[in-house]
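Structure first, commentary second.
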Amino acid sequence: MIIEFSVGNFLSFKDIKSLNIEATSITDFKDRVFSVGPHKLLRSAVLYGANSSGKSNFLKAMSIMKRIVMTSAEKSSVSKNDVVPFLLNPITEKEPSHFEVIFLINGKRYRYGFEIDSIAIKAEWLFVLENKKEKILFLREGDGISITDEFKEGDGLEEKTRDNALFLSIVDQFNGQISGEILKWFNNWATISGLSHEDYRGVTFSLLEKKESKSKLLSFLKDLDLGFDELKLKKE
């Protein structure tokens, strides 16, 4: 369960921008809020703005972070990282991009992030919230990786971590329990943009072929009042 996502110095984002879905203390629209332990979260959120204001790039940043985490351990020592910094500034174009996500696994709150350029991981961190206080599990700065007692699964793997690889992903390769749970969470983190829908055509067509799902889709489209009340699928 995601709580917050942040990105900075990536594509059109110069400064760090965050999306937080924690509910405020406002009591209106209670049906749009749900609880996970002590956390009250919104069921949905809306990104809105003018054309070319960064909405698509924000979703793309989520996908890029997931891809980096899921493929980091598989790359060779000469592989390039798939990141593009904010290029309209001579300073930021030489600095790393920033990615961070706060999420829940079995009711436990983690905060994980990293700073990365095309060549190397410049920083990486993992925190867990216990008794309302964040505890460091590991912290990577420059060439050094510091591990706490709560993350013993990473012991001895510091030297096995390449400059361009995430420490979290390497620990998962050696069957770390916490890292494994986090990698599983990333694997299940789905980011779908309506502007990049080509890969989901098959899903849409299969839903239209099923009577139950087709009726639900049709009901949804009728509520949008688009001017038509029937859908037909024709294969060629």
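The values are calculated or read from the model by the stated rules, or taken from the named source; none is laboratory data. All figures in this text were calculated on a predicted structure; none of them were measured in a lab. As a convention, Cβ positions derive from the backbone with ideal geometry for all residues, glycine included, and neighbour counts pool all protein chains shown. Note: accessible area is taken over every heavy atom of the protein model, side chains too, but ligands, DNA and RNA are not part of it. Shrake-Rupley method; radii C 1.70, N 1.55, O 1.52, S 1.80 Å.
Within the stretch 31-44, which residues are of a type outside the set (Phe, Trp, Tyr) and surrounded by 10 or more Cβ atoms within 10 Å (Cβ to Cβ)? Let's see the steps before the verdict.
Let us first name the residues in the stretch 31-44 that are of a type outside the set (Phe, Trp, Tyr), namely 31-33, 35-44.
Those that are of a type outside the set (Phe, Trp, Tyr) and surrounded by 10 or more Cβ atoms within 10 Å (Cβ to Cβ): ARG32, VAL33, VAL36, GLY37, HIS39, LYS40, LEU41, LEU42, ARG43.
For ASP149, all conditions in the list (1) among the acidic types (Asp, Glu); (2) more than 27 Å from ALA61 (Cα to Cα); (3) touching a residue at least 12 places away in the same chain (Cβ under 8 Å) hold save one; what is the number of the exception?
The one condition ASP149 does not meet is (3).
Just need a number here: residues in the stretch 1-40 that are outside any loop (DSSP other than H, G, I, E, B), under 17 Å from GLY113 (Cβ atoms), in contact (Cβ under 8 Å) with a residue 40 or more places away in the chain and of a type in the set (A, V, I, L, M).
Total satisfying the criteria: 3.
Considering every residue within the stretch 95-117, establish whether at least one is over 23 Å from LEU137 (Cβ atoms), at pLDDT below 95 and surrounded by fewer than 17 Cβ atoms within 10 Å (Cβ to Cβ). Explain how you work it out, then say what you get.
Residues of the stretch 95-117 that are over 23 Å from LEU137 (Cβ atoms), as a first pass: 95, 117.
Remaining after also requiring at pLDDT below 95: none.
No.
Here is a yes/no grid of residues against (1) under 24 Å from SER76 (Cα atoms); (2) of a type in the set (Asp, Glu); (3) loosely packed, with under 11 Cβ neighbours inside 10 Å; (4) in contact with a Leu (Cβ under 7 Å, 6 or more places away or on another chain):
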site	(1), (2), (3), (4)
ALA123	yes, no, no, no
ARG140	yes, no, no, no
SER146	yes, no, no, yes
GLY154	yes, no, no, no
ASN187	yes, no, no, no
LEU224	no, no, yes, no
LYS235	no, no, yes, no
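Can you pull out every residue in the stretch 210-222 that is open to solvent by 100 Å² or more (accessible area, probe 1.4 Å) and charged (D, E, K, R)? Before you say what the answer is, go through the steps one by one.
Filtering the stretch 210-222 down to residues open to solvent by 100 Å² or more (accessible area, probe 1.4 Å) leaves 210-212, 216, 220, 222.
Selection gives LYS210, LYS211, GLU212, LYS216, LYS222.
Is it true that LYS135 is more than 18 Å from the chain's Cα centre (by Cα), among the basic types (Lys, Arg) and modelled with pLDDT of 95 or more? Break it down into steps so the answer makes sense when it comes.
Numbers: more than 18 Å from the chain's Cα centre (by Cα): yes; among the basic types (Lys, Arg): yes; modelled with pLDDT of 95 or more: yes.
Against the criterion (more than 18 Å from the chain's Cα centre (by Cα), among the basic types (Lys, Arg) and modelled with pLDDT of 95 or more), LYS135 qualifies.
Which one of ALA190, ALA165 is among the aliphatic types (A, V, I, L, M) and in contact with a strand residue (DSSP E or B) (Cβ under 9 Å, 6 or more places away or on another chain)? Lay out the reasoning, then the answer.
On the way: ALA190 fails: in contact with a strand residue (DSSP E or B) (Cβ under 9 Å, 6 or more places away or on another chain).
ALA165 is the lone residue from the list that is among the aliphatic types (A, V, I, L, M) and in contact with a strand residue (DSSP E or B) (Cβ under 9 Å, 6 or more places away or on another chain).
Mind checking whether some residue in the stretch 64-73 is closer than 16 Å to TRP185 by Cα, polar (S, T, N, Q), open to solvent by less than 20 Å² (accessible area, probe 1.4 Å) and in contact with a Ser or Thr (Cβ under 8 Å, 6 or more places away or on another chain)? It would help to see each step written out before you state the result.
Here is the first cut: in the stretch 64-73, the ones closer than 16 Å to TRP185 by Cα are 64-72.
In the following step, the residues that additionally are polar (S, T, N, Q) were identified as 71-72.
This time we only want the ones that are open to solvent by less than 20 Å² (accessible area, probe 1.4 Å), so: 72.
Still in the list and also in contact with a Ser or Thr (Cβ under 8 Å, 6 or more places away or on another chain): 72.
For the stretch 64-73, residues closer than 16 Å to TRP185 by Cα, polar (S, T, N, Q), open to solvent by less than 20 Å² (accessible area, probe 1.4 Å) and in contact with a Ser or Thr (Cβ under 8 Å, 6 or more places away or on another chain): present.
Go through the stretch 156-178 and give me each residue that's surrounded by fewer than 13 Cβ atoms within 10 Å (Cβ to Cβ) and farther than 21 Å from ASN81 by Cβ.
Of everything in the stretch 156-178, those that are surrounded by fewer than 13 Cβ atoms within 10 Å (Cβ to Cβ) and farther than 21 Å from ASN81 by Cβ turn out to be GLY156, ASN175, GLN177.
Out of ASP155, ASP163, ASP149, ASP172, which single residue is modelled with pLDDT of 90 or more and in contact with a Gly (Cβ under 8 Å, 6 or more places away or on another chain)? Spell out how you get there, then give the answer.
Working: ASP155 fails: in contact with a Gly (Cβ under 8 Å, 6 or more places away or on another chain); ASP163 fails: in contact with a Gly (Cβ under 8 Å, 6 or more places away or on another chain); ASP149 fails: in contact with a Gly (Cβ under 8 Å, 6 or more places away or on another chain).
After ruling out the rest, the residue left standing is ASP172.
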